[in-house]
Amino acid sequence: MAEARSDSIYLLQLTDCHLMPQPGQLFRHIDVDLQLAQVVDHLVANGQPIDHLLLTGDLVHHGGADAYLRLLDILAPLPGERHWIPGNHDEIDAMRAATSMPCGQEEVDLGYWRLLLLDSTSHPDGRGSGSLSEEELRWLQQRLAQSPERPVLIALHHNPLSTASDWQDQIMLANTAAFTELVQSAPQVKAVICGHLHQAQSRRIGQAQFWCSPSTSVQFRPAQADFLLETEGPDARPGYRWYRLDADGGIESGLERVGPVAQGSELG
Ligand SMILES: [Fe+2]
């Protein structure tokens with residue numbers, strides 16, 4: 001955990017929880033409800049400061065409003081204002097039916113900072129890819145033109161950068177060129193964060209940091225031609241990212257892994 005600063009804002013990112021429609025159902029042999037609860041326990045035990053809790057998609061694996069309410073119930077011990085954006089496995093109507101929390105495109109005032117949340121699930125290709133709509137790109141451009149002196153953090157589900165995994169590059173953000181052009185033209189964008197990859201990433205998009213958090217469910221092994229789960233070692237463990245947003249525009253992120261993996265057996 002980073003040095004605590006009283007005038008900084010702490011944001012916690014949890015992503016790709018993939019809760020199944022019914023409690024006790026396994027996702028790729030993992031009890032993902034239990035793993036998420038273990039992540040919550042870890043955060044509470046460590047006293048992680050959390051001003052804002054950001055959930056970056058694939059929160060539920062094609063479940064209804066009940067599954068989203070179960071997700072929020074598991075997260076209940078955590079402090080912080082809640083925000084969520086959809087991933088390719090989410091049902092936006094079910095998210096909206098579960099709570100009145102905004103879902104998708106949203107600007108959040110973080111004091112010195114602005115958080116811009118994007119819905120990257122437009123124009124799905126049926127295999128996992130998604131796009132930012134033309135309307136959303138215009139909205140982003142307009143938001144970036146406002147208050148150019150205030151630092152900005154952008155969050156979306158799909159990764160806008162390609163990776164060393166062919167199968168994952170086929171389902172990344174489809175219209176990434178338009179998005180990265182906007183990011184690179186706006187020096188106040190300090191960081192872009194995403195989920196979707198089920199693996200940790202720390203890179204750059206021009207002047208901005210780019211971070212991806214591991215999933216709270218299963219992890220995907222990096223640099224693979226075809227889909228492969230990470231099943232061994234510390235990188236197989238569920239994880240999360242925290243971000244410390246400083247008043248001077250600085251940002252720091254840390255990655256934590258929680259374990260062990262909660263192998264389950266199907267309930268009868
Ligand atoms: Fe996912």
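Taking only C-alpha pairs under 8 Å that are 6+ residues apart, what is the relative contact order of the range 115-255 in percent?
On the way: 267 pairs, mean separation 26.9, N = 141.
In percent, rounded to a whole number, it is 19.
Ligands, DNA and RNA excluded, the heavy atoms of R28 present near 110 Å² of accessible surface to a 1.4 Å solvent probe.
Within the shell defined by Cβ-Cβ distances under 12 Å, the residues around L54 carry a net charge of -1, with Lys and Arg each +1 and Asp and Glu each -1. Using C-alpha pairs under 8 Å with a sequence gap of at least 6, the mean separation divided by the residue count of the range 9-257 gives a relative contact order of 20 percent. Considering helices alone, the calculated mean residue ellipticity of the chain at 222 nm is -6000 deg cm²/dmol, with DSSP H runs of length four and up weighted by -39500 (n - 2.57) and normalised per residue. Only protein heavy atoms count here; under a 1.4 Å probe, V44 has an accessible surface of about 80 Å².
Evaluate the Debye formula for the chain with equal point scatterers sitting on the alpha carbons, no solvent, and hand back log10 of I(q)/I(0) at q = 0.07, 0.08, 0.10 Å⁻¹, in q order, two decimals. For the chain at q = 0.07, 0.08, 0.10 Å⁻¹, log10 I(q)/I(0) is -0.22, -0.29, -0.46.
Taken one residue at a time, the phi angles of the range 107-112 give Karplus couplings (6.51, -1.76, 1.60, θ = phi - 60°) of 9, 10, 7, 9, x, 5 Hz. Gly and Pro are set to x. For the range 215-251 and the range 165-193, compute the distance between their C-alpha centroids and round to whole Å. If you average the Cα positions of each part, the centres end up 18 Å apart. Once backbone amide H atoms are built at 1.01 Å from N, H61 has L19, M20 as its partners under 5 Å, excluding neighbours fewer than 5 places away on the same chain. Placing a label point 7 Å from the Cα of R203 along the Cα-to-Cβ line, the residues of the range 130-172 whose backbone N sits under 11 Å from it are 159-165, 169. T163 exposes around 20 Å² of accessible area when a 1.4 Å probe is run over every protein chain in place.
The values are calculated or read from the model by the stated rules, or taken from the named source; none is laboratory data. Bear in mind that the values here come from a model prediction, so they are computed numbers and not experimental data. Every residue, glycine among them, receives a Cβ derived from its backbone with ideal geometry; neighbour counts consider all protein chains shown. Side chains are part of the model used for accessible areas, which takes the heavy atoms of the whole protein and leaves out ligands, DNA and RNA. Shrake-Rupley method; radii C 1.70, N 1.55, O 1.52, S 1.80 Å.
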